[in-house]
Each structure stands twice: as C-alpha cells, then as structure tokens.
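No value in this document is a laboratory result; all are computed from the given coordinates. On a predicted model such as this, the values are computed, not experimentally measured, just so you know. All Cβ positions, even for glycine, are placed from backbone atoms using ideal geometry, and neighbour counts span all protein chains on display.
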C-alpha cells in the first residue's frame, strides 16, 4: 500500500518536530520510515496512523540515532582533509609558499597597526561570515553534507589562537605563516571541490 | 543474533558485498535483504547502517543517486570504481578472518 502525499508530509513534520534539522538526513530517514510503514500496513492490514504509531514506538530511538544537531567536529572530515593536504600537488603548493615567504619579507607590506597576523585573522573571519551567508541566504535548506566541512574552520581558529596570538607581539616565524597560508589555501581549494560535488548532489533533490 | 558486537567490524564489507551483487540499493532495502538472507538471524539496525553508509560515501567508496519514488525522495547507493576494487580486498580479508576464527573455535574442522 503506497502512502499519500499527506502521509509523507505528516512523517516529514514529525521528524522536523523531533529536531531533524538537516534536509539530507531527514529525507533519508523519511524514506526509511515511509517504506517500513507501508510494509507494516500491508502485512498487518492496518491504516497509516496505526502503522506509523506502532512502528515509531519500537523504532524511534534507533531511527533518530542518525540525527545530527550541529556540524561540530567530524573526525572523518579532518582525516579526509589531512589526506588531501598530503597529495603531491598540495605539497608542491606548500613548498612554494615556504620558498615565497623565505625570499619575500611580507611584513614590509603591512603596517604595525595591521600586521600580517591580522590579515590572516581577517581571512579566517571572512570565511566564517561567508559560511553563515551561504547557509542562511543562498541554500535556505540546511544540508549536513556541506555544513560538516566547516567544522575545519573551528580547528583553524584554535590553531590560530595558539600560534598567531594577537596579544603576542613577536613576529611569527616563516614556518608558522607558511603553515597558516597553506592551510587556508588548501581549505579554499578543498571547499570549492566539495561545493562543486555538493551542487551536483543537490540538484537531485529538486 | 543477539550479540551485535560480533558483526560490527564486518558491517562495511557486508554492505559493499550486497551492493556488488545488487547494483544499487537504498537503506531500508539493505536491512531487509540482510534479514532475508540470514533468515532473520542478522538484524542491521538503522543506527549502525546509516553512519556506515555515510562514511563509505565520504571515503569515495560509494556513489549516491537520488530519485523520486512514491511522493518522496529515495537515496540509492552503489559502488564506485574505487569501491569495487576495495570490495575485493575487504572480502578476501573477511574470508581470511572467518577461516582464522574457525580454526580457533573448532580446531578439528580446520585444515
């Protein structure tokens, strides 16, 4: 027995009310529950609400285990990003950045009131602002697949606090600024690649 | 099977093996297929299945297709090229493991 559009809407609202905020996660859960309820209706010859209720009583906890409330910190993404950093082309970029900083005194291009350290910080903050605009204004729906990538920005933020502390007046070493420039550039490339992949994925949802 | 700890380490291999045989499958279908093959002995829970599928997808071993089916969207999974190669390795590994366990559990039957 196939569920009607109203039935589907009912399950969707139920999941939304259970705090399943990410559209991609909810869509998959919805299909799982709907298929199970359809089979239950057929096997036990009961109506939608009865089948839905008895299915959820038993399975709700297990189903909602797949829910994510915030992107937070994903170990998989971090490992994936580290693997990406170790690709030969990326290492080449890293080495080029190092050679560049070794030969060019970048601090000369910045003033005392706006140091190179501040510049890196501004880039980091801009990326965070871009993230909010992209999610809230451009996408409208929340997708876990893309939001989890931004967990990396939190890691960079803490690294920055540790290595490029604004209260510390010492000029950072060439190695430190290379590391940060490398991380930010790699992140931009990684992020662009992921957004490209995500866009093909998102198109399927329409 | 009551002790789900026993199959947890092989879950990814089970999923990949099924996908190799069936071409493409969606989440609910995988749980039902496993139940059917093992005559209800093995029950893959939703809480274990979906994280495993998402991890395999993030690792580039699975590809995703979304289709509209009966008023809703359905996410199908299938092996990527990398996944197909990896599947062969993992199956060999699992077979080796089963053989070793058999030797330990029932030494007389082993060779």
Estimated inter-spin distance, residue B:21 and residue A:6, nm [label 7 Å along Cα→Cβ]: 4.1 nm
Convex hull projection area averaged over all views, the stretch A:5-64, Cα basis, nm²: 3.8 nm²
Per-selection Rg to Rh, chain B - Cα, Kirkwood hydrodynamic radius: 1.02
Most fluctuating residue given options B:87, B:12, B:100, as computed from a GNM of chain B linking Cα atoms under 10 Å: B:100
Highest-MSF residue in chain B out of B:55, B:17, B:99 [GNM, Cα springs under 10 Å]: B:99
Rg and Dmax [Cα atoms of the stretch A:54-140; Å; Rg one decimal, Dmax integer]: 21.4, 70
Shielding score for A:18-28, defined as the mean number of other chain Cβ atoms within 10 Å: 2
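How do A:167, B:90 line up, fewest other C-beta atoms within 10 Å first? Mind showing how you got there, number by number?
Working: A:167 5, B:90 18.
Least crowded to most crowded, the residues run A:167, B:90.
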10 Å Cβ neighbours from other chains, averaged over peptide B:41-49: 3
Modelled FRET efficiency - R0 25 Å, residue A:140 with residue B:71, Cβ distances, 0.05 increments: 0.70
With Cα atoms, 0 to 90° folded angle of helix A:5-17 axis to chain A main axis: 50 degrees
Volume of the Cα convex hull of the protein assembly as shown, divided per residue and given in Å³: 188 Å³
Shielding by partners, peptide B:24-35 (average Cβ within 10 angstrom, other chains): 2
Alpha carbon convex hull of the stretch A:67-206, volume per residue in cubic angstrom: 130 Å³
Stokes-Einstein D for the stretch A:126-206, Kirkwood Rh over Cα pairs, 20 °C, 1.002 mPa s (µm²/s): 148 µm²/s
Value of [θ]222 nm, deg cm²/dmol, for chain A, DSSP H segments ≥ 4, -39500 (n - 2.57) each, nearest 500: -23000 deg cm²/dmol
Degrees between helix A:75-85 axis and first principal axis of chain A (Cα, 0 to 90, nearest 10): 40 degrees
Whole-Å semi-axes of the ellipsoid equivalent to the stretch A:117-173 (Cα gyration tensor, √5λ, descending): 28, 12, 6
Inter-site label distance for residue A:193 and residue A:113 at 7 Å from Cα along Cβ, in nm: 4.1 nm
Top of B:56, B:73, B:42 by mean-square fluctuation, Gaussian network on chain B, Cα under 10 Å: B:73
